[in-house]
Amino acid sequence: MMKIVRLCQFSDVDKLVELAHKAGPGMTTLKPDPSAQAARIDRVRRTIEGSAAIADQGYLFLMEETDTGEIVGVCGIETAVGLEQPFYTYRIDTSVYASREMHIWSKMDKLTISHDLTGYTELCSLFLDPLHRVSCNGALLSKSRFMFLAQFSDRFGERVCAEMRGVFDEKGDSPFWRALGSHFYRIDFHEADRLVSLGKKSFLAELMPRFPVYIDFLPDDAKACIGATHKDTTPARHLLESEGLRLERHIDIFEAGPVLEARIDSLRVMRESGLCSVVISDTHKAAPSAPHLIATGKLKKFRTGLIYTAPEQGLIMLTPAEAKALQVSTGDQVRMMEAYPRRVV
Amino acid sequence: MLIVRPGKLSDLDQLERMARSKGPILHSLPPDRARLQELILRSIDSLQNEIDYPGEESYLFVLEENGTLYGSASIVALAGQHEPFYAFRNEVVVHASRELHVNHRIHALVMSHELTSCTRLTGFYIEPEKAAYADLLSRARLLFIAQHRQRFCKDIFSVLPGIADAEGNSPFWESVGRKFTRRDFAEMERESAGRSRGFIAEVMPVDPLYVPLLSIDAQRVMGEPHPGSRLPYQSHLDEGFEPDRFIDIFDAGPILTNTLDACYSLRHSALHHLAYTSDVHGTASYLVCNTSASEFRCIKTHLPKQLSHDIALPTALAATLEVSTGSDVRCVKLNHSGAA
């Protein structure tokens, strides 16, 4: 029994819709709508085949239980955000107000609407069935995308980002929205979020603050939201951070959640992953090791799994069951990386 | 009889006494003898020189009765001679979305230099016991300007003290200035006294401030005059000044603006020929001034509702104005647009 992450296909529409039902209304990018999911999968097909424009390119991956074919998770990569609809973030800028004559030195951070992340590759749409949020499933699902980025780096630009869900109070309201967005948008946070998920984004540009906003003018509960992650999202954030993404200077314009970012060439996967050849043997049992991500090489047939075996001298020993799940044969090239960075003791 | 006349060096003691009396600390008299002396000297100098266009001049007037001073008011010919004059401009940003059926206005404060090349009315102070003469003291300056137009800019404004508590704490400063300077309002005012105000550019926000993000207390005092300034505030309204375009960057006190052409005292004042002196009976309040710069005198009196070109004034009043039969005097009938 093994879970693998693979690209989504047309035959997955029903399963994807079923998964979306489990995600609930909070997950605005995963709706239980068959036509919307079919359109998304078609976009993946056109992306793979090379007929989609850069603005339209995107990948959707599913986590599948290989024995049963059950779909338990989904995640995506958008090749380049903001090329069609603008991609808005707040950039945190620093200005210092100082006068030597008056012995004044005061650092004031401000939020400025930005399109800085235009053209960034985005990691997105991650959802794992709550029943399967155990062992390394979350790590496999999230990190499979890094294996894909490394394996097909010529399909992506220089930089990658990921928006993380921000902080909400016990009533489900965003203190940041209350203090800032509500003055400008005059609609409810969830209504605004819903419109964005429907692609009705023009109101963003029409209503957003055009001038920078000094953070010091916000109440404390709103300030505390800036760059902070919802507690349910914190493990996902740590996974991405372990791969080299960081909160730099960008946050979500609605709820101030962090937008993590990195140069693709500085990701851990670019340093620590490597290629090796598959050897299948049902007699020779490899020594157990720390979990490793293993990704197959072919674009359409891309699959990532997690095995507890380490490569040796450019070879990776797989059991026939593992080879079957990953759809590899002896002699195939695969990319491998330890699933978790080693702690420096 | 109360008169308004240019300040002179012998007024220094009394000016210092008034400057040290309790009152709003901004935009009135500096409680500093050396600075006061400098202001008087500059005023004397400005009045004596032939001036064809506004420059470094400033004019200091005092309200006097029988040798006792009860107030003072000044004019700065050009608000920013060597550096900008800073003010917050009230701007409205319209945010509209057809899709959401949203259309609303958001106020923002924008640091502006627009008032730099305007004439500034400033330094207004009046003793409470003579408050009834606030209009004389404040508006005498506009009669002076009417008589000596070439000395001033075509636009004019006046900054009045904003709301502050008895300790001198300003709610607007607490919400805005303090964030950028980390200083008390009074401390800031004291330390900046006598210095170039160039530091303002260094320490105040370069970006517009959205008003809804300011504290409620700060929003409430924007453009509100200090209780002690209601009378001059009303005098400015009577002159047709607009109160809402700008506010002070420190305490959000009102900055009232007008063009000289639109000032009531410039539109409605006229030169009259003093044909003879005699007792005059009238029911309308007038301000009357002479045509001299360095010996400027202005008084408030009652005259008939309708004045012909040739007028009469009582002998004592003519003497106070330092005019005699055959002189020209400038008169304006006082109006009161609101409750004074």
*Distance between Cα centroids, the range B:217-257 to the range A:26-54: provide it in whole Å.*
59 Å
*Can you list the trypsin sites (Lys or Arg not before Pro) in the range A:247-296 that are in a DSSP coil and have 14 or fewer other beta carbons within 10 angstrom?*
A:Lys285
_the protein assembly as shown: Cys lacking any partner C-beta under 4.7 angstrom_ = A:Cys8, A:Cys75, A:Cys124, A:Cys136, A:Cys161, A:Cys225, A:Cys276, B:Cys118, B:Cys153, B:Cys263, B:Cys331
*Computed on alpha carbon atoms, what radius of gyration and Dmax characterise the range A:272-338, expressed in Å?*
10.6, 31
_Rounded to whole Hz, the Karplus (6.51, -1.76, 1.60) HN-Hα couplings of the range A:69-80, x for glycine and proline_ = x, 5, 9, 10, x, 9, 7, x, 9, 9, 5, 8
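For the range B:262-340, which trypsin sites (Lys or Arg not before Pro) are both in a DSSP coil and crowded by at most 10 other Cβ atoms within 10 Å?
Sparse-neighbourhood loop trypsin sites (Lys or Arg not before Pro): B:Lys305.
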*Please average, across the residues of A:193-200, the number of beta carbons from any other chain that are within 10 Å of each residue's own beta carbon, and give a whole number.*
1
_Sequence-separation-based contact order of the range A:7-61, relative, with Cα cut under 8 Å and 6+ spacing, percent_ = 38 percent
*Counting other Cβ atoms within 10 Å, which trypsin sites (Lys or Arg not before Pro) in the range B:69-131 have at most 13 and lie in a DSSP loop?*
B:Arg98
*Just the Cα atoms of chain B, one point each, no solvent: what log10 I(q)/I(0) does Debye give at q = 0.07, 0.09, 0.14 Å⁻¹?*
-0.31, -0.50, -1.12
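Coordinate-derived values only; no laboratory data. Remember, predicted model here, so these are calculated numbers, not experimental data. Here the Cβ is made from the backbone with ideal geometry for all residues, glycine too, and neighbour counts use every protein chain on show.
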